[in-house]
Amino acid sequence: MSDHRSSDHCADAGLLPLHLAVRGRRVVVVGGGPVAARKVAGCLDAGADVLVVAPFACESIVADEAAGLLTWRCAEYTTGDLDGAWLVFAATGERATDDAVAADAEAARVFCVRADDAALGSARSAAVIRRDDVLVSVGSADAADPRRAVAVRDAITHGLDTGALPVRRQRGGPGRVVLVGGGPGDGDLLTLRGRRELAAADVVVIDRLAPRSVIDELGPGVLVLEVGKAPGRHPVPQPEINRLLVEHAQAGRRVVRLKGGDPFLFGRGGEEVAACREAGVEVSVIPGVTSAFAVPAAAGIPVTHRGQSRQVTVITGHDAVSPGGLPADLDWAALARGRGTLVVLMGVAALPTIRAGLLGAGMDPATPVAIVENGWTPAQRVTTGALDEIADRARERGVESPAVIVIGDVAGHARP
């Protein structure tokens, strides 16, 4: 029968990969320079009781001592400094001192990491990546090669951040809700953190205007709930969406609420956060690239521009129309005399009313207007015109939602 250990490089090198629980346990760092400071930072992050032994120390160590985060013994190293230690780092940069630290650690049966030559220590530091509750350490099995370990660590980091590597839990745990802003439509504009949360999700509650391409990247068994709203059609009302989020999280599932644009800009994200908190459900928000600014940019329109606009006002078409179809009780006069840019979301159907409200309040009929449909998608289309004619032009061209309307001098920058 073959011995599987004969091909195990870690066994050949005498290394057993482990993660050490050092919280509350004494870790000694001998040395006070930048290398030692990096070791100190990692130990503090892990909650260790850190003792630094060095006749001098760099600013970060001094600051940590002043904050009560560690103990600094300002002196040369002596054998007794390892008393009570569970782990020691030899990081003075002086071979004789680091040799002495390693020898004393060996005699005391305390694992020692050598910063100058990892092969001479009884333990080795690893290149570490932490993402959510996943901890990955990368090291060298034989001759220490920290740069290669860092390169591999960075490649793993990229895979975790983009969702290319599986991070979904395989064992149960507490449920939670994450509101993720999906951006204006193109999946490439979804943030890395948003992609990472999607890769870890058990349930995805998705809007109509959220990036659809990412759904194909979800792992098997992920439940996708469509709750998108279209103009005049709300098949899943907001209270029911709130209930779904809470119900699945309370069942121990990780829920991603994937929205178009940014969830806190007319996305009703605040209502969903409040519903989760009221139910005692852990909830967090990952902002997205808002369509109010990104979609105009897709058509070459800067919503602010020196000499043309120093402020931006964002409204929705829903808020511009009263139940009787007339201009709503907005401050049309303030909107009309504003010297900045007016951006209207969800405003295609309300465009005639918006035009009437602004013209009635005194806005110049020649004010440039641009309508950008399906921004950041292959179906993007731009319609331009003056304020007094834009509603007619939009009707003639069959402009449809989703679209972002830009009113103001900056709309003159629009590209077809």
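The values are calculated or read from the model by the stated rules, or taken from the named source; none is laboratory data. Keep in mind the model is a prediction, meaning the values are calculated, not measured. FYI the Cβ positions are ideal-geometry reconstructions off the backbone, even for glycines, and counts take in every protein chain you see.
Would you please list the contacts, defined by Cβ atoms under 7 Å and residues six or more apart or on different chains, that run from a residue in the range 249-261 that is among the acidic types (Asp, Glu) to a residue that is not in a loop (DSSP other than H, G, I, E, B)?
none
Check off (1) within 29 Å of Val134 (Cα to Cα); (2) not in a strand (DSSP E or B) for Gly32 and give me the number that stays unchecked.
Going through (1) within 29 Å of Val134 (Cα to Cα); (2) not in a strand (DSSP E or B) one by one, Gly32 breaks only (1).
Inspect all residues belonging to the range 409-416 and state whether any of them is surrounded by fewer than 19 Cβ atoms within 10 Å (Cβ to Cβ), of a type in the set (D, E, K, R) and modelled with pLDDT under 95.
Among the residues of the range 409-416, at least one is surrounded by fewer than 19 Cβ atoms within 10 Å (Cβ to Cβ), of a type in the set (D, E, K, R) and modelled with pLDDT under 95, which makes the answer yes.
Residues to consider are Leu330, Leu351, Leu345, Leu358; find the one that is among the aliphatic types (A, V, I, L, M) and in contact with a Leu (Cβ under 7 Å, 6 or more places away or on another chain).
Leu358
Checking Thr191 against (1) of a type outside the set (Asp, Glu); (2) within 19 Å of Thr377 (Cα to Cα); (3) free of Cβ contacts under 8 Å to residues at least 40 places away in the same chain, only one condition comes out false. Which one?
With respect to (1) of a type outside the set (Asp, Glu); (2) within 19 Å of Thr377 (Cα to Cα); (3) free of Cβ contacts under 8 Å to residues at least 40 places away in the same chain, Thr191 is out only on (3).
Can you tell me which of Ala366, Ala391 is small (Gly, Ala, Ser), touching a helix residue (DSSP H, G or I) at 6+ places or on another chain (Cβ under 7 Å) and over 28 Å from Asp188 (Cα atoms)?
Ala391
If the requirement is being over 20 Å from Ala126 (Cα atoms), of a type in the set (Val, Ile, Thr) and at pLDDT 95 or above, which of these qualifies: Val53, Val88?
Selected residue: Val53, the only one of Val53, Val88 that is over 20 Å from Ala126 (Cα atoms), of a type in the set (Val, Ile, Thr) and at pLDDT 95 or above.
Does the range 194-211 hold any residues that are charged (D, E, K, R), under 21 Å from Gly173 (Cβ atoms) and touching a residue at least 40 places away in the same chain (Cβ under 8 Å), and which are they?
Answer for the range 194-211, where residues must be charged (D, E, K, R), under 21 Å from Gly173 (Cβ atoms) and touching a residue at least 40 places away in the same chain (Cβ under 8 Å): Arg196, Glu197, Asp202.
Just name the residue that is farthest from Asp186 (Cα to Cα) out of those in the range 394-405 that are in contact with a strand residue (DSSP E or B) (Cβ under 7 Å, 6 or more places away or on another chain) and surrounded by fewer than 16 Cβ atoms within 10 Å (Cβ to Cβ).
Looking at the filtered set, the residue picked out is Arg397.
With the condition being at pLDDT 95 or above and surrounded by 16 or more Cβ atoms within 10 Å (Cβ to Cβ), I'd like the helices (runs of 4 or more DSSP H) fully within the range 269-348 carrying at least 1 qualifying residues.
Where helices (runs of 4 or more DSSP H) fall fully within the range 269-348 and carry at least 1 residues being at pLDDT 95 or above and surrounded by 16 or more Cβ atoms within 10 Å (Cβ to Cβ), they are 269-278, 291-298.
Being more than 13 Å from Val348 (Cβ to Cβ) and crowded, with 16+ Cβ neighbours inside 10 Å is the filter here, so list the residues in the range 381-393 that pass it.
Answer for the range 381-393, where residues must be more than 13 Å from Val348 (Cβ to Cβ) and crowded, with 16+ Cβ neighbours inside 10 Å: Val382, Thr384, Gly385, Leu387, Asp388.
Looking only at the range 41-56, which residues are closer than 10 Å to Arg23 by Cα and either in a loop (DSSP other than H, G, I, E, B) or among the hydroxyl-bearing types (Ser, Thr, Tyr) (or both)?
Once the filter is applied, which keeps residues that are closer than 10 Å to Arg23 by Cα and either in a loop (DSSP other than H, G, I, E, B) or among the hydroxyl-bearing types (Ser, Thr, Tyr) (or both), the range 41-56 yields Ala46, Gly47, Ala48.
Can you name every residue in the range 291-327 that is without any contact (Cβ under 8 Å) to a residue 24 or more places away in the chain and farther than 19 Å from Ala411 by Cβ?
Asp319, Ser322, Pro323, Gly324
Answer with yes or no whether Asp154 is within 18 Å of the chain's Cα centre (by Cα), assigned to a helix (DSSP H, G or I) and surrounded by fewer than 18 Cβ atoms within 10 Å (Cβ to Cβ).
Yes: the conditions hold for Asp154.
Could you list all residues from the range 39-63 that are without any contact (Cβ under 8 Å) to a residue 12 or more places away in the chain and more than 16 Å from Arg25 (Cα to Cα)?
Glu59, Val62, Ala63
Is it fair to say Arg130 is loosely packed, with under 13 Cβ neighbours inside 10 Å and under 30 Å from Arg114 (Cα atoms)?
The answer is yes for Arg130.
Restricting to the range 180-239, name every residue that is surrounded by fewer than 17 Cβ atoms within 10 Å (Cβ to Cβ), outside any helix (DSSP H, G or I) and of a type in the set (Asp, Glu).
Glu226
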